[in-house]
Amino acid sequence: MRRERRVERLLDAGAEILAERGPHGLTMRDVAERAGTSGPNLYRYVAGKEELIYLVKQRVLDRAIRSAEAALALRGAKEQVRSLVTDHIRRVLALPAEARLLQDVAQDLPDHLRRRVDALREQYLDLVRAIVSGVAPSKGLKRAAADRRVQLLLGMADRVALDAAGHTPAPRPDRLARPVLAMFHGGVKADR
């Protein structure tokens with residue numbers, strides 16, 4: 001349990017620095033300092049910078065996939081979208097770096113790790129496409145048009161959550177989700 005908490009702190013620190021500075025601005029020394037540990041101790045948990053970046057991106061995408069799977073398991077297309085958006089906002093409020101890391105491509109990783117991250121990202125986007133298509137059927141739509149709907153929904157959720165991040169008292173994710181859902185559903189109806 002203690003090891004897991006330390007790894008989580010390291011990944012949180014890595015996520016924050018990645019979101020702030022990008023992969024080229026991330027140093028292991030900065031990650032160790034922000035996580036409250038020493039450089040040598042950091043290497044007990046990760047082999048190096050590439051592995052740390054991979055683990056950060058993997059964790060963000062794993063969380064997003066679990067959220068989308070839980071939403072897809074619900075009854076009703078609108079309930080699925082509500083669940084997806086509310087949980088997305090909750091995760092971004094908790095760790096604002098997640099918004100940027102979900103959008104990042106994995107070009108900064110070696111091919112074998114980049115392919116893993118790309119596969120996770122595609123799995124997540126497939127789940128979100130399935131959720132969005134339940135509300136706004138995309139039969140006959142080109143994939144690019146369906147992807148724009150996904151980007152629109154997630155982009156609105158990101159913007160609302162990032163604008164509210166750091167406010168005290170912490171805003172409720174379900175309240176922040178309401179205008180996003182109203183805009184998305186209204187826009188989908190107008191789009192037809």
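The condition (being among the charged types (D, E, K, R) and crowded, with 16+ Cβ neighbours inside 10 Å) is satisfied by just one residue among 75, 159, 82, 148: 82.
Return yes or no: is residue 121 modelled with pLDDT of 90 or more, part of a helix (DSSP H, G or I) and farther than 28 Å from residue 55 by Cα? Explain how you work it out, then say what you get.
Working: modelled with pLDDT of 90 or more: yes; part of a helix (DSSP H, G or I): yes; farther than 28 Å from residue 55 by Cα: no.
Here the answer is no, as residue 121 does not meet what is asked.
Here residue 170 clears all of (1) touching a residue at least 40 places away in the same chain (Cβ under 8 Å); (2) under 20 Å from residue 73 (Cα atoms); (3) exposed (fewer than 15 other Cβ atoms within 10 Å of the Cβ) except the condition numbered (2).
Residue-by-condition table, conditions (1) in contact (Cβ under 8 Å) with a residue 12 or more places away in the chain; (2) among the acidic types (Asp, Glu); (3) in a loop (DSSP other than H, G, I, E, B); (4) closer than 22 Å to residue 179 by Cβ:
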residue	(1), (2), (3), (4)
54	yes, no, no, no
59	yes, no, no, no
62	yes, yes, no, no
75	no, no, yes, no
79	no, yes, no, yes
92	yes, no, no, yes
102	yes, no, no, yes
106	yes, no, yes, no
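When residue 188 is tested against (1) assigned to a helix (DSSP H, G or I); (2) modelled with pLDDT of 85 or more, just one condition goes unmet, and that condition is (2).
Return the residues of segment 108-117 that are surrounded by 15 or more Cβ atoms within 10 Å (Cβ to Cβ) and either assigned to a helix (DSSP H, G or I) or aliphatic (A, V, I, L, M) (or both); say none if nothing qualifies. Outline the logic, then answer.
So the first thing to find is which residues in segment 108-117 are surrounded by 15 or more Cβ atoms within 10 Å (Cβ to Cβ), and the list is 108-109, 113-114, 116-117.
Within segment 108-117, 109, 113, 114, 116, 117 meet the criteria.
Could you tell me whether residue 128 is under 27 Å from residue 179 (Cα atoms), touching a Gly at 6+ places or on another chain (Cβ under 8 Å), surrounded by 21 or more Cβ atoms within 10 Å (Cβ to Cβ) and not aromatic (Phe, Trp, Tyr)? Before you say what the answer is, go through the steps one by one.
Values: under 27 Å from residue 179 (Cα atoms): yes; touching a Gly at 6+ places or on another chain (Cβ under 8 Å): no; surrounded by 21 or more Cβ atoms within 10 Å (Cβ to Cβ): yes; not aromatic (Phe, Trp, Tyr): yes.
Taking the combined requirement at face value, the residue does not satisfy it.
In the condition set (1) modelled with pLDDT of 90 or more; (2) surrounded by 15 or more Cβ atoms within 10 Å (Cβ to Cβ); (3) under 21 Å from the mean Cα position of the chain (by Cα), residue 99 is compliant with all but (1).
The values are calculated or read from the model by the stated rules, or taken from the named source; none is laboratory data. All values reported here derive from a predicted model rather than from experimental measurement. Virtual Cβ from ideal backbone geometry, glycine too; neighbours counted across all protein chains shown.
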